[in-house]
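One structure is given here, and the rest of the page talks about it.
Where a number appears in this text, it was derived from the coordinates with a stated rule and is not lab data. Predicted, not measured: the structure shown is a model, and the values here were computed from it. For neighbour counting, all protein chains shown are included, and Cβ atoms are generated from backbone atoms with ideal geometry for every residue, glycine included.
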Amino acid sequence: MQAVPPFHPGELWPDTDGVAINAHGGGFLYRDGMYYWYGEFKTEGPGGNVANVGVSVYSSNDLYHWKNEGIALKVSDDPASDIVKGSVIERPKVLFNAKTHLYVMWFHLELKGKGYSAARAGVATSSSPTGPFKFVRDFRPDGEMSRDMTLYQDDDGKAYLITTSENNQTQHLSELAPDYLDTTGHYTRIFEHKALEGAAIFKANGHYFYIGSHTTGWAPNPAYAAVADSLAGPWKELGNPCLGPNAELTFGAQSTYVLPVAGKPGAFIFVADQWRPKNAIDGRYVWLPIKISGDTFSITWSDAWDLNVFPGASVAAPSTRTKSSKRRSAK
Ligand code: DGJ
């Protein structure tokens, strides 16, 4: 087996069992020294984009080595359930609620056999970060359409749903209730008529930064970045922050999350998906370091990199990683 350096954007990424990580459209949580990676568990073939299994979860204490923790949220066998096998469950994101001590998962939900017309959000909770998560309910947040979505927890503990609404035309920044199980009905329309999705938000240098994509299905398009002093805006457009080969198509990928490196102020990782709609399980992950300069940022392609690229960050690189071609199957 060939030893390879830590992050290899676009290559197969084996977990600690040597099986390719299966967590697409991912979201991350850092808690008690551990990172958790939640994502869509895809299966083989063109039907592999629907939820045949559920939401997977992996854990890591160094961002390099990921342990398979199983399926955090399982699809239901009950045809009456909105999360029945064959529904669409995308872009799961998890926050810890300090008041209820529950881990709260939100995801984009489409009802089985209805294409993308339902435009709903689902909520599930668990007392453990690795689950099992119990499905609570699904709905249209604030009574509005909701497709691609993310969650953002601000420094004051207040949390928001950022979702592609109004038939993919405008994003809604929707305030979550204190228990994170619902929205409050207060929302702000942001990026009006810009038709953005794949939203991710991070905060650095006192600014809020946004990265998203345009809406071209599973096909890549140029990334869209913006900066603001307040989540509600006004947002100033920064253009496409990507640099290097295939930067005009976001390196063949679509944004899903910006991952803060714990204990390293200013260190953020851009996380994106290279989708493979004909064989969804073969979708790849693009992780790249974000370079922040004042009130702007850039993302430069690199074939291989590790956490030492971040200024001031001295992080021991792991011994090695080994290439694997094994596929994880449903449990
Ligand atoms: C783009 C979205 O970002 C994905 O999550 C997925 O919903 C596809 N569209 C479906 O075409």
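Here are the numbers for this structure:
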read-out: Percent of Cα-Cα distances greater than 25 Å, calculated over the stretch 24-309; value: 42 percent
read-out: Nearby lysines by direct alpha-carbon distance to LYS203 (threshold 21 angstrom, same-chain neighbours under 8 apart not counted); value: LYS93, LYS158, LYS236, LYS264, LYS291
read-out: Approximate shape of the stretch 136-203 as ellipsoid semi-axes (Cα gyration tensor, √5λ), whole Å, largest first; value: 18, 15, 10
read-out: Inter-label distance for HIS193 and ALA80, nm, one decimal - labels placed 7 Å from Cα along Cα-to-Cβ; value: 4.6 nm
read-out: Span per principal axis, largest first, for the Cα atoms of the stretch 89-211 (Å); value: 44, 38, 23
